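Here is the structure we will look at.
The values are calculated or read from the model by the stated rules, or taken from the named source; none is laboratory data. The shown structure was predicted, so the numbers you read here are calculated from the model rather than taken from an experiment. FYI the Cβ positions are ideal-geometry reconstructions off the backbone, even for glycines, and counts take in every protein chain you see.
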Amino acid sequence: MSSETLDQVQSNMRVSRKRLLGRPILAEGEDGLFTQSWFPLCLSSEVATGKVLGADFLGGRVVVFRATNGVAQVLSAYCPHLGADLAVGDVYEDTVRCAFHHWQYDQDGVCVKTGIGDPPPPSACLFKFPTAEKHGIIWAFNGEAPHFEVPDFPYPADELVVKVETFRQLVNVDPWVICCNTPDIQHIKALHGITFDQQDPDEEIEWTDHSMLYDFKGRHANGEPIEYRVGIFGTSIFYQSSTFNGRWFGFIAPLGLPRPGQCKTYMVIAARKSDSDAASTEAFLKFAMDLEKRVVSEDVPILQTIHFKPGTLTKSDKALGKFLQYLRNFPRAHPSAEFIS
């Protein structure tokens, strides 16, 4: 090819060059809707019996309270009387009591008493979120009924020692953006230095309408042998069941959604009691938590600055491409909208 022809080709490329984008994925809160997933709101230890706690959720406000029966419940935060935030109220007679006029709401969110003695208006109610308490976390489902359950580890809870923490730094993306890292095989290999002893697990991934899971064997960045089962539940829960250097640990990273474009990371580590004595198990839990924190810390600078858009994919992105379609198809709703904002 002559230099003149090559110059012409390069000139044409400069003129016609465009960024190739795939079909977009709706952001959380776009069109007023959010994905229907379980989201963590707080640690169980933050809500003692008789305590009410406020939390930002889905761009609005909710309260978590625990009555004397020990059951935690998540309700919309604003009193339907005049809009006072129930988080500054208290738990009284097993109800959440508004600080402003002492209206009381039971665990179903129904006003059962007013402070002045007027009969509660029939419409005086809060939105009751489906609530779960598991792995030391209190969760709320965005919907009127959950579509799936919070995942469990493969061993009974009474056989495990569990440690739970929150990652202090809020990350400025929707939870599903972080979840895209799990089927992103290029990211696992290039950024985290993990090698596979097998072909990419594109065809072996187990898909449902609310989850994806796959298994692989390989080596961690420092050469330790690993055997992982990893996946995503909903659009906000990373799941991992691991054998690291011959010892099992479980890891769940649920992602809270205080407001659109922002998430809060929780980290749950579990080890088997039977694998060692208490002191050794505690040391292993700390090691496993530090290992996962290191992985998270490698992701955070990228996630804090990313302008995420499905773009030009390669053959190594088969799993990621299918997950992006999973996200496009995921149900969205916001039944609590008029209550929490």
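Give me the residue from the stretch 283-307 that is surrounded by 17 or more Cβ atoms within 10 Å (Cβ to Cβ) and of a type in the set (D, E, K, R) and, out of that set, nearest to Ala27 (Cα to Cα).
Asp299
Could you list, in sequence order, all residues of the stretch 95-127 that are among the acidic types (Asp, Glu) and either outside the structural domain of Thr68 (by TED's automatic domain parsing) or under 21 Å from Pro335 (Cα atoms) (or both)?
Asp106, Asp108
In the stretch 98-118, which residues are part of a strand (DSSP E or B) and under 30 Å from the mean Cα position of the chain (by Cα)?
Tyr105, Val110 - these are the residues of the stretch 98-118 that are part of a strand (DSSP E or B) and under 30 Å from the mean Cα position of the chain (by Cα).
Only one of Ala145, Ala132 is among the small types (Gly, Ala, Ser), part of a strand (DSSP E or B) and either modelled with pLDDT under 95 or more than 25 Å from Leu82 (Cα to Cα) (or both). Can you tell me which?
Ala132
If you check Ala72, Ala48, which single one turns out to be in the same structural domain as Glu93 (by TED's automatic domain parsing), more than 22 Å from the chain's Cα centre (by Cα), under 21 Å from Val268 (Cβ atoms) and of a type outside the set (Asp, Glu)?
After applying the criteria, what remains is Ala48.
Would you check which residues across the stretch 259-268 are in contact with a Gly (Cβ under 8 Å, 6 or more places away or on another chain), assigned to a strand (DSSP E or B) and surrounded by fewer than 19 Cβ atoms within 10 Å (Cβ to Cβ) and list them?
Arg259
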